[in-house]
Amino acid sequence: GAGVSQSPRYKVAKRGQDVALRCDPISGHVSLFWYQQALGQGPEFLTYFQNEAQLDKSGLPSDRFFAERPEGSVSTLKIQRTQQEDSAVYLCASSPRNTIYFGEGSWLTVV
Amino acid sequence: KNEVEQSPQNLTAQEGEFITINCSYSVGISALHWLQQHPGGGIVSLFMLSSGKKKHGRLIATINIQEKHSSLHITASHPRDSAVYICAVRGSGGGADGLTFGKGTHLIIQP
């Protein structure tokens, strides 16, 4: 597709369940970012990839959060043993040099 | 960490009014983005600025690097401009820096 694609769009998980969120960036975009956006707040940085290399994971809130991009294209954000405070929209973005493109987000609700 | 402040947080105006949204940041940057987010939708990049002024249709964005301040203006506002407008900055360290986001300005244009 032409844009950044994320799946699933909506996910309801029971507390303690593991979830995996997928991001398909725009083809050829080297940089890929994951952000977390709580209701009514601006997005918060989670992690950054340049090709397959995870260059910055300083925003990941705990060791339950893990991201990978093994072949430098599709990325997966995995959250283990989900907690209620993980409920948020998870946004993926890919970037050429001068701008940035966001996916529609994956809306996670932990119940 | 860069602190990004936006004002106002909420703005309701009548169709046709001239709109100004402000953004200030605390640390030098390499670029500033103005983003638009519709309810339930993804984020769209409106402008990327590193200096001066840019115009696209009814939207104008300016940045003053010395004062660490940017403004987004909307002329002849229309109800379809109703959205959350987010300012985001990229650090001057370059490389792996992700964006730091403001909390957003919720704009409602009434017909």
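Since every read-out is calculated from the coordinates, none of them should be taken as a lab result. This is a predicted model, so every value here is computed, not measured. Backbone-built Cβ (ideal geometry, glycine too); neighbour counts: all protein chains shown.
Pairs from the list A:LYS57/B:LYS68; A:LYS57/B:LYS55; A:LYS57/B:LYS53; A:LYS14/A:LYS78 with a Cα-Cα gap above 25 Å: A:LYS57/B:LYS68; A:LYS57/B:LYS55; A:LYS57/B:LYS53. Neighbouring Cβ atoms from other chains, within 10 Å of the Cβ of residues in B:43-53, number 3 on average. Relative to the 2.2 N^0.38 Å rule of thumb, chain A has a C-alpha radius of gyration ratio of 0.99.
Would you work out which of A:GLN84, A:PRO43, A:GLN6 lies farthest towards the positive end of the dipole of chain A? Charges go on Cβ: Lys and Arg +1, Asp and Glu -1. Working it through, the farthest residue towards the positive pole turns out to be A:GLN84. Rg and Dmax of the range B:32-111, based on Cα coordinates, read 13.2, 44 Å. Farthest toward the positive end of the dipole of chain B, out of B:ASN10, B:ALA76, B:ILE65, is the Cα of B:ILE65, where the dipole comes from beta carbon charges about the Cα centre. Coupling constants for the range B:12-29 follow from the phi torsions by the Karplus curve (6.51 cos²θ - 1.76 cosθ + 1.60, θ = phi - 60°), and in residue order they are 10, 9, 8, 3, x, 5, 8, 10, 10, 10, 10, 9, 10, 9, 9, 10, x, 10 Hz; glycine and proline get x. The phi-based Karplus calculation (6.51 cos²θ - 1.76 cosθ + 1.60; θ = phi - 60°) puts the 3J(HN,Hα) values of the range A:61-74 at x, 7, 6, 7, 9, 9, 10, 8, 8, x, 10, x, 10, 5 Hz, whole numbers, x for Gly and Pro.
Taking amide H as placed 1.01 Å from N in the peptide plane, A:GLU104 has its amide H under 5 Å from the amide H of A:GLN6, each at least 5 places away in sequence or on another chain. FRET efficiency for the pair B:SER30 and A:ARG15, taken as 1/(1 + (r/R0)^6) with r the Cβ-Cβ distance and R0 = 45 Å, rounds to 0.65.
Projected onto planes of every orientation and averaged, the convex hull of the alpha-carbon atoms in the protein assembly as shown covers 12.0 nm².
In a reduced charge model with +1 at each Lys and Arg Cβ and -1 at each Asp and Glu Cβ, chain A shows a dipole moment near 240 debye about its Cα centre.
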